[in-house]
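**Student:** Quick one: the structure is below, questions incoming.
The values are calculated or read from the model by the stated rules, or taken from the named source; none is laboratory data. A quick note: this is a predicted structure, and the numbers were derived from the prediction, not measured. Please note: Cβ atoms are built from the backbone with ideal geometry, for glycine as well, and neighbour counts cover all protein chains shown. Remember, those area values only see protein heavy atoms, side chains included, never the ligands or the DNA or RNA. Shrake-Rupley method; radii C 1.70, N 1.55, O 1.52, S 1.80 Å.
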Amino acid sequence: VQLVESGGGLVQAGGSLRLNCAASVSTFSIHAMAWYRQGPGKQRELVASIMSGGDKTDYADSVKGRFTISRDNAKNTMYLQMNSLKPEDTAVYYCNTLGGLFRWGQGTQVTVSS
């Protein structure tokens with residue numbers, strides 16, 4: 001199984017980015033998936049999760065109302081739309097199942113300047 005995150009970059013506070021997660025696993029559609037992030041000097045934290053059918057989502061309080069998680073099971077892909085970005089959102093963002101079942105990918109760096 002390979003997880004490939006992309007879409008990160010440098011953005012000013014208030015800006016937007018859309019992250020992508022491509023999963024090379026045939027069983028992608030049966031797994032609840034999630035986005036995680038690890039900021040400088042911090043532990044990895046759960047940012048958002050989405051159930052297998054995409055019908056239920058959940059968010060960390062720190063991103064609620066600003067981030068939107070979605071998935072396309074036909075493409076084995078998951079997304080994270082991030083709006084109104086803040087400097088404290090600066091982190092490496094990772095995707096995995098809810099619970100971290102698969103081997104972690106390299107992540108994608110998101111840097112928000114003030």
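Quick grid of which residues meet (1) among the acidic types (Asp, Glu); (2) within 28 Å of residue 112 (Cα to Cα):
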| site | (1), (2) |
| --- | --- |
| 3 | no, yes |
| 8 | no, yes |
| 14 | no, yes |
| 22 | no, yes |
| 46 | no, yes |
| 51 | no, no |
| 64 | no, yes |
| 68 | no, yes |
| 72 | yes, yes |
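**Student:** Only residues in the range 1-23 that are under 14 Å from residue 81 (Cα atoms) count as the first member; pair them with residues that are among the basic types (Lys, Arg), Cβ under 9 angstrom, at least 6 apart or cross-chain, and list the lot.
**Tutor:** That search, which allows pairs on different chains as well, returns 7/18; 14/86; 21/71.
**Student:** Given the range 1-89, what strands (runs of 3 or more DSSP E) lie entirely inside it while holding 3 or more residues that are open to solvent by less than 20 Å² (accessible area, probe 1.4 Å)?
**Tutor:** Hits in the range 1-89: 17-23, 33-38, 45-50, 77-82.
**Student:** Evaluate the following for residue 24: is it over 15 Å from residue 105 (Cα atoms) and either at pLDDT below 95 or among the polar types (S, T, N, Q) (or both)?
**Tutor:** No; evaluated as a whole, the condition is false for this residue.
**Student:** Any residue in the range 83-103 that is over 19 Å from residue 22 (Cβ atoms) sitting within a Cβ distance under 7 Å of a residue that is surrounded by 13 or more Cβ atoms within 10 Å (Cβ to Cβ) and hydroxyl-bearing (Ser, Thr, Tyr)? List the pairs, counting only those 6 or more apart or interchain.
**Tutor:** What qualifies is 90/111.
**Student:** Say whether the condition of being in contact with a His (Cβ under 7 Å, 6 or more places away or on another chain) and among the hydroxyl-bearing types (Ser, Thr, Tyr) is met by at least one residue in the range 91-102.
**Tutor:** Taking every residue of the range 91-102 in turn, at least one turns out to be in contact with a His (Cβ under 7 Å, 6 or more places away or on another chain) and among the hydroxyl-bearing types (Ser, Thr, Tyr).
Residue-wise test of (1) among the aromatic types (Phe, Trp, Tyr); (2) farther than 25 Å from residue 14 by Cβ.
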position	(1), (2)
67	yes, no
70	no, no
77	no, yes
82	no, no
86	no, no
100	no, yes
105	no, yes
108	no, no
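**Student:** The conditions are (1) in contact (Cβ under 8 Å) with a residue 40 or more places away in the chain; (2) in contact with a strand residue (DSSP E or B) (Cβ under 7 Å, 6 or more places away or on another chain), and residue 54 fails exactly one of them. Which is it?
**Tutor:** (1)
**Student:** Same structure again: Considering each residue of the range 95-114, count those that are open to solvent by 30 Å² or more (accessible area, probe 1.4 Å) and under 13 Å from the mean Cα position of the chain (by Cα), and give that number.
**Tutor:** Qualifying residue count for the region: 4.
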